[in-house]
Amino acid sequence: MASATSTLPSATPADPPAVAGRSGLGLLVLLAATFMTSLDVFIVNVAIPALQTDLHAGSAAIQWVVAGFGLAVATGLITAGRLGDIHGRRRMFSVGLALFTATSAACGLAPTAGTLVTARVLQGLSAALMGPQVLAILQTAWSGKAQARAFGMYGMTMGVGAVFGQLIGGLLIKADVLGLGWRACFLINVPIGLAALAAVPRALGESRAPRRPRLDFTGVALSTAATVALVLPLIQGRELGWPAWTWACLAGSVVLFAVFTAHQRRLGAAGGDPVLDTTLFRQRGFATGAFAQLVFWTGQGSFFLILALYLQAGRGLDALGSGVVFLAIGAGYLLTSTGAHRIAERLGKVTVPAGALFMAAGLGALWAAVHASGTTGTLWGLVPGLFLDGVGMGLVIAPLTHTALGTVPAHLVGAASGVVATIQQVSGALGIALIGIVFYGAVGAGAPARYPHAFGLGLLFLLGLELLLAALTTWLAVARGAAKR
């Protein structure tokens with residue numbers, strides 16, 4: 001197996017594997033970037049009412065404040081992973097981090113809605129440039145138990161940004177530090193980003209693919225067009241009532257992905273450098289792990305959405321009150337995610353299936369509590385189900401990412417990381433589109449009395465996804481065990 005080149009001093013056999021990443025400081029820098037990206041996906045939802053009033057923004061502009069970021073992230077990830085292979089992962093990470101910090105400042109200082117939308121799109125592209133480099137560095141700079149711990153911390157950080165994003169946003173807006181209001185939700189990234197950027201030179205070593213490949217511009221254009229054609233209608237379709245162009249885009253994305261795949265295969269067979277080496281999907285571990293990522297993240301983003309809608313529109317809580325309820329998920333998540341690598345050492349290949357079953361049990365308990373309480377009962381009944389769901393999340397996120405990347409050769413780590421990160425983004429949009437059909441179809445005119453029923457239906461849909469994830473990862477564990485025998 002080829003190994004990535006590095007400018008770091010070579011470690012002696014007695015050195016711990018984490019030396020390649022400069023241990024704690026390097027990991028802290030990567031986690032800071034991960035936290036900011038994850039936080040920005042969710043914190044903006046809390047800021048929307050205030051920024052809409054302050055900037056006199058219409059509904060279309062508000063949609064693009066959210067959708068523009070997600071679309072930009074999804075379209076840039078595969079190319080960004082390849083750029084890391086070519087130009088160096090630390091270099092591309094640094095460029096992405098610097099741009100993300102600058103565009104966060106631009107978002108926080110935006111004088112108009114149009115400026116904010118533009119800044120959010122650029123912020124998404126910056127996040128796309130960082131994301132695959134984080135995964136690739138984690139995979140190449142650490143190994144063994146140190147790598148398992150690093151992925152565990154990565155998973156914990158992703159979840160903390162997601163679970164606590166709404167609470168952090170609510171606290172920032174309520175505190176109104178320096179009269180910044182909603183702007184603090186973006187400006188909080190600036191000091192974190194500057195501190196992380198200053199630490200990069202001494203915290204991270206450089207690594208890239210052993211043989212410097214060329215960038216396939218045709219592949220970049222095809223992958224970008226295919227991803228936009230898929231993600232854009234998923235993001236905007238329900239809001240617009242699924243007009244004809246959304247279905248045309250979805251059909252077109254299938255054609256574009258087919259052309260992209262054929263082009264990548266031809267280029268690889270001719271000895272060229274495809275953006276995505278399709279031989280990755282011949283590896284059972286990566287292919288199954290990637291599909292498992294699709295199933296998991298399809299449910300995750302959509303669950304946070306319908307939970308927030310139920311709490312705020314159905315139960316009358318404000319953003320901060322809703323964020324406090326999210327603490328129940330956060331408590332369970334922190335309980336398992338902080339020691340996920342140790343739990344995985346004990347449970348082995350059944351860690352992810354066990355986590356998926358915990359989540360399924362939590363969603364089932366939550367459904368029962370919602371069914372019993374309706375719109376007037378106590379919210380305390382939700383706590384056990386939310387806590388169990390958080391416990392399961394903590395067992396799934398990091399080990400599932402490691403499952404997908406753990407068997408990838410070093411020269412394909414950047415490309416594989418881009419694929420995994422793209423799947424996470426695309427599946428989030430897919431989940432919101434699918435849950436929208438179930439949830440909003442049941443809400444109807446939007447009367448608060450309809451929200452418990454709609455939320456319950458959404459929970460049953462998500463429970464089915466978790467059972468599918470448990471079955472899929474159990475099959476993978478059995479298959480790997482049989483292959484070793």
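The values are calculated or read from the model by the stated rules, or taken from the named source; none is laboratory data. Keep in mind it's a predicted model, so treat the numbers as computed, not measured. Here the Cβ positions follow ideal geometry from the backbone for every residue, glycine too, while neighbour counts run over all protein chains shown.
Here are the numbers for the structure shown:
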item	result
Selection status of HIS402, touching a helix residue (DSSP H, G or I) at 6+ places or on another chain (Cβ under 9 Å) and surrounded by fewer than 24 Cβ atoms within 10 Å (Cβ to Cβ)	no
Selection from the range 127-144 of residues that are modelled with pLDDT under 85 and within 14 Å of THR401 (Cβ to Cβ)	GLN139, TRP142
Residue check for LEU194: in a helix (DSSP H, G or I), in contact (Cβ under 8 Å) with a residue 12 or more places away in the chain and under 30 Å from LEU25 (Cα atoms)	yes
Which numbered condition PRO274 misses (of (1) part of a helix (DSSP H, G or I); (2) in contact (Cβ under 8 Å) with a residue 24 or more places away in the chain)	(1)
ARG315, sole failed condition from (1) under 30 Å from GLN147 (Cα atoms); (2) touching a residue at least 60 places away in the same chain (Cβ under 8 Å)	(1)
Of all residues in the range 455-479 being crowded, with 16+ Cβ neighbours inside 10 Å and modelled with pLDDT under 90, the one that is farthest from VAL295 (Cα to Cα)	ALA477
Any hit, the range 200-215, residues being among the aliphatic types (A, V, I, L, M), part of a helix (DSSP H, G or I) and surrounded by fewer than 18 Cβ atoms within 10 Å (Cβ to Cβ)	no
Residue tally, condition under 17 Å from ALA102 (Cα atoms) and in a helix (DSSP H, G or I), over the range 171-191	8
Selection count, the range 197-215, where residues are out of contact with any His (no Cβ under 8 Å at 6 or more places or on another chain) and in contact (Cβ under 8 Å) with a residue 60 or more places away in the chain	13
Helices (runs of 4 or more DSSP H) within the range 303-393 that include 1 or more residues in contact with an Asp or Glu (Cβ under 7 Å, 6 or more places away or on another chain), buried (at least 22 other Cβ atoms within 10 Å of the Cβ) and hydrophobic (A, V, I, L, M, F, W, C)	327-337, 351-373
